[in-house]
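These notes concern the structure reproduced below.
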Amino acid sequence: MSTIAIKGICKDYGTTRALDNIDLEIEPDKIYGLLGRNGAGKTTLLNLITNRIFPTAGEIAIDGESVVENDRALSKVFYMTEANLYPPGLRVREVLGWSKEFYPGFDMPYALWLCEQFGLKTGKRVKELSTGYGSIMKAIVALASNAPIVVFDEPVLGLDANHRQMFYRALIANYSQHPKTIIISSHLIEEIAEVLEEVIIIKDGSIVLKQSVEELLGQAYTVSGEAAQVDSYLAGRKFAGGEELGKFKAVTVLGVLTEGDRALAQKLDVELSRVELQKLFISLTNS
Amino acid sequence: MRLDFSSEKPIYLQLAEAIEDDILKGIYEEESQVASTTELAVTLRINPATAGKGLNLLVDEKILYKKRGVGMFVSVGAREMILKKRREGFYQSFVVKLLEEARKLNIPVEEVIAMIERGRGK
């Protein structure tokens, strides 16, 4: 059980402000999704949490201890980076061995079992691995690390559909058996939407929202049907983004569905359905 | 068991209903153990908290009960409880809707009744 407290974090690269006064509380034993468009500041934030870079201002603490130059605090976090930082000549089994040195709780039998499940040959060298298997190796090390906080930056990069499914299942099983704080940064939002408990959306270096997925999806819905009918449903409502195809129209409405809305929808013969996290994300981060 | 991620119905409710369906179909018999939170979460690829919420809903309704350290089981009389609950919903969600749709399509009530008879003959 570990908490991350982020207070007033700013990060400048030269004259560019990558993160602007971020305040965030990451609660223990939840699965978080860190979502944002390219260049929004996701990786910068993850790099700061894991002390790979220093903040321009502000402080990050794990269980009350600053992460800056603090091995004890940092040993509680495993960070699966998008970039491959392992020496290219190392064999997979040597990578696993090294991981055990740094993370005393590393579960070797579980790591080897995962390698077998994913068809990752432990005799291969890091440089011989495809993009997909490179991701798989890093994800396996992360899952087996047994650190109380595990951070995944684009964990399914280059994985085929089958391996992605296996990864999500392994992640859920791992989390159920050994609850921990998990932060996943991914562009494949729809795939992870149901796995997440909370989402953090970051835009232009600021936090747009931090909310439970269920709550967030409860605050918007999709209305679709014949364009003119959909338009009359939308009268006087707040909505964001939509799609039109001929006379068909589907629009994301911002608001909580009421019984009155359902009755109106039925009268107008338009359909109400759940908003996709991905569509909501686009409408929240566009502009 | 299948969940519809695009339905406006929350996932935990869908999960609870799917388990009820399985009890009605006899896939889970009374006094038998149902899948655990972990098994459900892994198989359906959903957050374990969501799976737990669905199961707990059924525990609150006394359709399932917990055996400490063992898991969740189907209560005696669960089938009857679900049937009773579902029958109450049947009128609202099927009969009322059926008649509304029939009105839209200009189908007289007598013809709807005839259609029901025809359906029963099948």
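Here are the numbers:
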item	result
Bins of 10 Å, starting at 0 and running to the largest distance - Cα pair percent for chain A	6, 25, 29, 22, 12, 5, 1
Cα coordinate range in the range A:18-131, projected on the principal axes (Å, largest first)	45, 31, 26
Structure-based [θ]222 nm, chain B - -39500 (n - 2.57) summed over DSSP H runs of at least 4, per residue, nearest 500	-17500 deg cm²/dmol
The range B:32-122: GluC sites (Glu not before Pro) falling in loop per DSSP and having at most 13 other Cβ within 10 Å	none
Relative contact order (percent, whole number), the range A:4-94, Cα cutoff 8 Å, 6+ residue spacing	29
Calculated on alpha-carbon atoms, Rg and Dmax of the range A:219-285 in Å	11.0, 33
Three-way shape label, the range B:79-121, alpha-carbon gyration tensor, a/c 1.5	oblate
Of A:K7/A:K30; B:K25/B:K53; A:K11/A:K203; A:K238/B:K85; A:K180/B:K85, pairs whose Cα-Cα distance is over 26 Å	A:K238/B:K85; A:K180/B:K85
Between the range B:85-101 and the range A:251-287, the alpha-carbon center distance in angstrom	24
Paired Rg and Dmax values of the range B:44-114, which use every Cα atom, in angstrom	19.0, 58
Shielding by other protein chains, A:191-201, mean Cβ within 10 Å	3
Rg/Rg_globular for the range B:11-77, with Rg_globular taken as 2.2 N^0.38 Å and Rg from C-alpha atoms	0.99
Listed residues A:K210, A:K11, A:K247, most fluctuating in chain A (Gaussian network, C-alpha, under 10 Å)	A:K247
Dimensions (Å) - chain B, Cα atoms, principal axes, largest first	57, 32, 25
Theoretical ellipticity at 222 nm over chain A - DSSP helices of four or more residues, -39500 (n - 2.57) apiece, nearest 500	-10000 deg cm²/dmol
Length-normalised contact order of the range B:11-77 in % [C-alpha pairs under 8 Å, at least 6 apart]	38
Average other protein chain Cβ within 10 Å of Cβ, residues A:164-173	3
Cα-based Rg and Dmax for the range A:168-277, where Dmax is the largest Cα-Cα distance (Å)	17.2, 52
Positive-end residue of A:H163, A:A147, A:L74, charge dipole of the protein assembly as shown with Cβ unit charges	A:H163
Cα-centre dipole for chain A with unit charges at Cβ (Lys and Arg positive, Asp and Glu negative), debye to 20	720
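Values quoted throughout were computed directly from the atomic coordinates according to the rules given, and no laboratory measurement underlies them. Note that the coordinates shown come from a computational prediction; the quantities given were computed from them, not determined experimentally. Reconstructed Cβ throughout: ideal geometry from the backbone, glycine too, with neighbour counts over all protein chains shown.
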